[in-house]
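Notes follow the structure.
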Amino acid sequence: MSRPIEVIFYDGVVSKPHHAQLSAQSESEVLIQYGERLEHQRRYAYRDMELIGALGQLNPAIELKDDARIEFQGALPEWFNFGTKNVQHSIWKLERSPSLIVFSIIFVVAFVFALVKWGVPAASHYVAFQLPENSLNKLGDEAEKYVLNNWTNPSHLAQGQKDQISKQYLSTIAEGRPAKLVFREGGRLGANAVALPNNTIIITDELIEMAHSDQEILGVLAHEQGHLVERHSLQQGLTSLGLSVLYIAMTGDSSDLLTSLPAAMIGANYSRKFEAEADMYALKLMDRKGIEVSHFANFLQRLSDETALEEKPKQAGKTAEADKKADPNKKQPQNESSEKESSLEIFDALSSHPATEERIKMVRDFEKKQQAKP
């Protein structure tokens, strides 16, 4: 005969807890006795029970079909013949183990890191190449509208110059997959070019004016063509969206999730992998078409130099601000012209195409390999 144990019992009629005793009635039933003198009793079959396992400092409990509830004051007794009792006890012990808690934290951090670094980008790549054409056009149209209305202004280039660039692009770079070329004054986008999923390349007046030759412009367009072929902007936007979903899972804030996708496709920096893929696409294309890849390297170098020039006034401004805080009465130099500041502001958006030494070196190395071929 099993020894009764003390439990807390809710009879499902009133919310008041009852002091009670629980004992085994048979292999399939238990007896619960409750009341001031244990004058009331009920029998319950194991098959009608739902075990709520212990969690942290909470003890296990049993939910019953008549809305009654049995709360244990410790571990389940040995004679309690519930099927998953042993599993629940094991989980309960593990939840109270400090070493397992530390391991769980490390595991979760490692899992989230792997998900962000490899999982989300891999899923974005798969989805980007599975989306139908109409979905690409819809997303690209939204992104294009965003760029035209918020980041750029109408182009001031001569129509003849735009026609010449378009003609050279179609005959040299498009290779049967022509994109729509849109010329805009940079505005917030600055000296830049952007490839959008609706097979559109937006190129700014400032970038064209920076180029010293048509071959340099073609090199940039070949780079953007590579982004289009590999659907990089869409992948980048989907990655941002995936990271937003993780953020929502942690915070519950889902405001502007889907509406931010067009901006994410043009505002997020391309990864080094995407830039390298687009660069290599451009280099191979230029090599096939007989265009010296040195033009692309020269443009990247000039872009890098101009960006470095931009950073100097910013650093000087930070130093001046620090000096001003240290000595509020100190006068600031006024010899910098507003024209120079304006010319430097056009490079604010260049972070989406970072002209790094690594990229320039890759172009130079490619050039050397091509020249070494017999």
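The values are calculated or read from the model by the stated rules, or taken from the named source; none is laboratory data. Just so we're clear, the structure is a prediction, and the values are computed from it rather than from any experiment. Please note: Cβ atoms are built from the backbone with ideal geometry, for glycine as well, and neighbour counts cover all protein chains shown. Keep in mind that these areas ignore ligands, DNA and RNA; they rest on the heavy atoms of the full protein, side chains included. Shrake-Rupley method; radii C 1.70, N 1.55, O 1.52, S 1.80 Å.
Couple of notes before you dig in:
- Elements of type strands (runs of 3 or more DSSP E) in segment 114-217, at least 2 residues being of a type in the set (D, E, K, R): 180-185
- Elements of the type strands (runs of 3 or more DSSP E) sitting completely within segment 1-48 and holding at least 2 residues that are open to solvent by 20 Å² or more (accessible area, probe 1.4 Å) and closer than 19 Å to ASN59 by Cα: these cover 5-10, 18-24.
- Scanning segment 4-43 for residues that are over 55 Å from the mean Cα position of the chain (by Cα) and of a type in the set (A, V, I, L, M, F, W, C) yields ALA24, LEU31, LEU38.
- The one condition from (1) over 23 Å from LEU303 (Cα atoms); (2) modelled with pLDDT of 90 or more; (3) open to solvent by 20 Å² or more (accessible area, probe 1.4 Å) that VAL127 does not meet is (2).
- Search result, residues across segment 49-60 that are part of a strand (DSSP E or B) and either touching a His at 6+ places or on another chain (Cβ under 9 Å) or crowded, with 18+ Cβ neighbours inside 10 Å (or both): LEU51
- Residue within segment 139-154 that is under 20 Å from the mean Cα position of the chain (by Cα) and β-branched (Val, Ile, Thr) present: no
Results for (1) touching a strand residue (DSSP E or B) at 6+ places or on another chain (Cβ under 8 Å); (2) modelled with pLDDT of 90 or more, shown as yes or no for each residue.
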position	(1), (2)
LEU243	no, no
SER255	no, no
ILE266	yes, no
SER271	no, no
ALA282	no, yes
